[in-house]
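Take a look at the structure set out below.
The values are calculated or read from the model by the stated rules, or taken from the named source; none is laboratory data. No experiment lies behind these values; they were computed from the predicted model shown. All Cβ positions, even for glycine, are placed from backbone atoms using ideal geometry, and neighbour counts span all protein chains on display.
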Amino acid sequence: DFRDNTLPAGRPQGPKGLLYASQAFRSALPDLHCTIEDLLVSRDKITARLLFTGTHKGEFMDHPATGKPVKFFAIDILRIRGGKIVEDWHLEDNLSLLEQLGVVSLKK
């Protein structure tokens, strides 16, 4: 049993939801690369700070490809039981990602 505690609306719970999210990102950013910047372990939890990089070559969240490179961070807190990931809390810097894609602007 796997539970995603930060599940966005419309995404299925469990492993199917992870596959859905991965396929959506890979479709939009086919050269997506993830680097583990930090990894901390405490009892039954693992915290990972991740750096994602890629090129926006496909539609993402109803926005057409821009060809722009993107770089954004995410944090995952994973709970382990019996050698398996059973829970995840995933937070990513979507505001930075959407700004790089030209979807939002933070400049005045």
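For the stretch 66-92, enumerate the residues that are surrounded by 15 or more Cβ atoms within 10 Å (Cβ to Cβ) and part of a loop (DSSP other than H, G, I, E, B).
Result: Thr66, single match.
Taking the stated definitions as given, is Leu51 touching a strand residue (DSSP E or B) at 6+ places or on another chain (Cβ under 7 Å), over 22 Å from Gly14 (Cα atoms), in contact (Cβ under 8 Å) with a residue 12 or more places away in the chain and assigned to a strand (DSSP E or B)?
yes
Kindly indicate which of Leu32, Leu106, Leu19, Leu50 is loosely packed, with under 14 Cβ neighbours inside 10 Å and either modelled with pLDDT of 95 or more or out of contact with any Asp or Glu (no Cβ under 7 Å at 6 or more places or on another chain) (or both).
Leu19
Would you be able to say whether some residue in the stretch 2-10 is more than 15 Å from the chain's Cα centre (by Cα) and in a strand (DSSP E or B)? Explain how you work it out, then say what you get.
First, the residues of the stretch 2-10 that are more than 15 Å from the chain's Cα centre (by Cα): 2-3, 10.
Of the ones still in play, those that are also in a strand (DSSP E or B) are 3.
Among the residues of the stretch 2-10, at least one is more than 15 Å from the chain's Cα centre (by Cα) and in a strand (DSSP E or B), which makes the answer yes.
Taking the stretch 19-35 on its own, how many of its residues are of a type in the set (A, V, I, L, M, F, W, C), more than 15 Å from Asp88 (Cβ to Cβ) and out of contact with any helix residue (DSSP H, G or I) (no Cβ under 6 Å at 6 or more places or on another chain)?
4
What about Ser27, is it among the polar types (S, T, N, Q) and exposed (fewer than 12 other Cβ atoms within 10 Å of the Cβ)?
Here the answer is no, as Ser27 does not meet what is asked.
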